[in-house]
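Comments concern the structure below.
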Amino acid sequence: MRKEVVQIYKNYGIDVDQVLKKLAEVKISIHCWQLDDVAGFENIGTLSGGIQTTGDYPGKARNFQELTEDLDVALKYIPGAKKINLHASYQVDPIVDRSDISIKQFEPWLEYAKKRKLGLDFNPTIFASPMLKDGLSLSSPDERIRSYWIKHCIQCVKITEEFGKQLHQKALCNIWIPDGLKEVPADRMGPRARLKDSLDQILACSYDPTFMDISVESKVFGIGVESYTVGSNEFYLNYAAKNNILCLLDTGHFHPTENVADKISSMLLFYPKLAFHVSRPVRWDSDHVLKLNDDLQDVADELVKCNALDKAYIGLDYFDASINRVAALVIGARNMEKALLKAMLTPWEELKHAQDTMNHTKVLALQEEIKTLPWTEVWEEYCKKEGCLQEKEWFEQVCLYEKEVLQRRK
Ligand code: RNT
Ligand code: ZN
């Protein structure tokens with residue numbers, strides 16, 4: 001990096017070295033499910049619950065060995081601290097019914113994480129299951145179905161606690177359910193009351209908050225559940241605040257013109273911590289690979305200027321089956337890192353002062369000025385420091401990996 005670049009930022013009161021150190025410590029939870037189109041290892045067949053992958057690009061991982069092999073390749077090209085985000089459906093032999101899963105099914109993952117000094121986060125898998133009757137789980141009027149998923153979630157909490165304990169890194173257990181209705185409901189309250197009771201039962205299982213947190217993930221709608229989502233944002237926001245758990249924001253789970261970044265400051269004033277699934281919706285919750293666009297930048301900016309980086313679980317959530325999956329994982333994760341870097345290279349104090357002194361012209365001018373500063377040189381330096389290849393180079397390596405490994409998977 002040129003000395004001039006360091007000086008340019010210094011003139012704005014920004015210490016580039018400090019920024020690079022801080023950025024390297026921010027943990028990004030890399031989701032395993034981009035590498036196999038959310039298939040998991042249970043041979044369950046098609047996805048359900050209103051989520052979908054499209055595309056049939058060759059080379060998807062078919063088992064633990066292949067998935068972790070791909071993950072290792074991806075991790076090499078993602079700078080900064082990382083965790084791995086798992087779903088219950090990525091349980092490893094001996095595969096058991098989801099209501100019976102325990103840490104046993106995740107020993108290989110624990111070993112994988114220990115070797116690489118990675119933390120693990122976890123998600124109950126409440127989709128792609130014959131026990132999802134009429135698209136309902138924790139809100140089902142069928143007590144057999146509801147108690148099945150309550151049990152699954154309790155097992156997931158225990159697994160997460162063990163992850164946190166054994167890996168010495170706090171783990172997140174995030175609950176998302178697809179429950180909803182295609183048509184305008186006759187009863188909106190009933191399903192929500194049942195969901196509330198289910199969550200109460202799950203939280204009643206004792207877990208040690210020194211090792212883990214629990215979050216609930218809201219959603220505005222899904223395919224087949226267009227008219228009503230039981231786990232709406234209002235429902236979970238209130239539930240989480242009242243029960244001292246976290247409300248996870250998936251950036252694809254809101255109305256298309258709703259600004260998810262704008263929610264961060266409000267929530268921080270009422271919650272000690274936040275949780276995210278960072279995604280890119282295109283017209284709907286399409287889970288496209290993260291681009292370095294304004295929406296992503298806005299989220300990163302808020303996290304930085306609200307001083308919330310150590311209060312946030314930042315997880316990624318996208319899945320594209322139409323391109324090289326390893327590359328997809330790397331591109332999205334690097335964009336998350338880039339957005340955070342750009343946010344850290346912004347003189348927020350100066351901007352806040354301009355706002356508070358009603359100098360709105362300066363706010364606008366400075367915000368635009370910042371955009372053309374040489375942040376890419378800082379990024380290159382960051383990659384170098386982290387022992388990560390630069391843009392063109394990592395992509396060449398992944399292409400090679402595709403030729404030598406992925407294309408042979410038939
Ligand atoms: C679905 C939610 C959920 C899933 C993953 C696989 O809309 O975003 O988080 O995408 O858990
Ligand atoms: Zn999500």
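Below, the figures for the structure above:
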quantity: Cα-based Lys proximity count in the range 145-245, under 18 Å, for pairs eight or more positions apart or on separate chains; calculated: 5
quantity: Rg/Rh for the range 317-410, where both radii come from Cα atoms and Rh is the Kirkwood radius; calculated: 1.17
quantity: Computed P(r) (all Cα pairs; the range 233-300; 5 Å bins; percent); calculated: 3, 16, 28, 25, 15, 10, 3
quantity: Between helix 360-371 and the chain: long-axis angle, C-alpha atoms, 0 to 90°, nearest 10; calculated: 90
quantity: Computed [θ] at 222 nm, helices only, for the chain once each DSSP H run of length n ≥ 4 contributes -39500 (n - 2.57); calculated: -14000 deg cm²/dmol
quantity: Free-standing Cys, the chain [no other Cys Cβ under 4.7 Å]; calculated: C32, C153, C156, C173, C205, C247, C306, C399
quantity: Rounded to 5, percent antiparallel among DSSP beta bridges of the chain; calculated: 20
quantity: Dimensions (Å) - the range 174-315, Cα atoms, principal axes, largest first; calculated: 42, 39, 23
quantity: Dipole in debye (nearest 20) - the chain, about Cα centre, beta carbon charges: Lys, Arg +1; Asp, Glu -1; calculated: 580
quantity: Electrostatic dipole magnitude of the range 218-305 [Cβ: Lys, Arg +1; Asp, Glu -1; Cα centre; debye, to 20]; calculated: 260
quantity: Angle in degrees between helix 64-76 and the longest Cα principal axis of the chain, rounded to the nearest 10; calculated: 20
quantity: Debye intensity ratio I(q)/I(0), log10, the range 210-255, q values 0.19, 0.27, 0.28, 0.30 Å⁻¹ (C-alpha model); calculated: -0.59, -0.96, -1.00, -1.08
quantity: Long-range HN-HN contacts of V26 with modeled amide H, under 5 Å; calculated: A81
quantity: Calculated P(r) tail over 41 Å for the chain, as whole % of Cα pairs; calculated: 14
quantity: Counting all C-alpha pairs of the range 97-230, share separated by more than 26 Å (%); calculated: 27
quantity: Total charge dipole magnitude, the range 1-59, about the Cα centre, Cβ charges on Lys, Arg, Asp, Glu only, Debye to nearest 20; calculated: 540
quantity: Rg(Cα) / (2.2 N^0.38 Å) computed for the range 174-249, rounded to two decimals; calculated: 1.14
quantity: The chain: relative contact order in percent, alpha carbon pairs under 8 Å with at least 6 residues between; calculated: 21
quantity: Charge dipole (the range 132-200, unit charges on Cβ, about Cα centre) - positive-most of T160, P178, P191; calculated: T160
quantity: Alpha-carbon centroids, the range 183-206 and the range 318-369: separation in whole Å; calculated: 37
quantity: Euclidean distance of C-alpha centroids, the range 15-38 and the range 230-283, integer Å; calculated: 20
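Each value in this text was obtained by applying a stated rule to the coordinates, not by laboratory testing. Please read these numbers as outputs of a predicted model, since none were measured by experiment. No Cβ is skipped: glycine too gets one built from the backbone with ideal geometry, and neighbour counts run over all protein chains shown.
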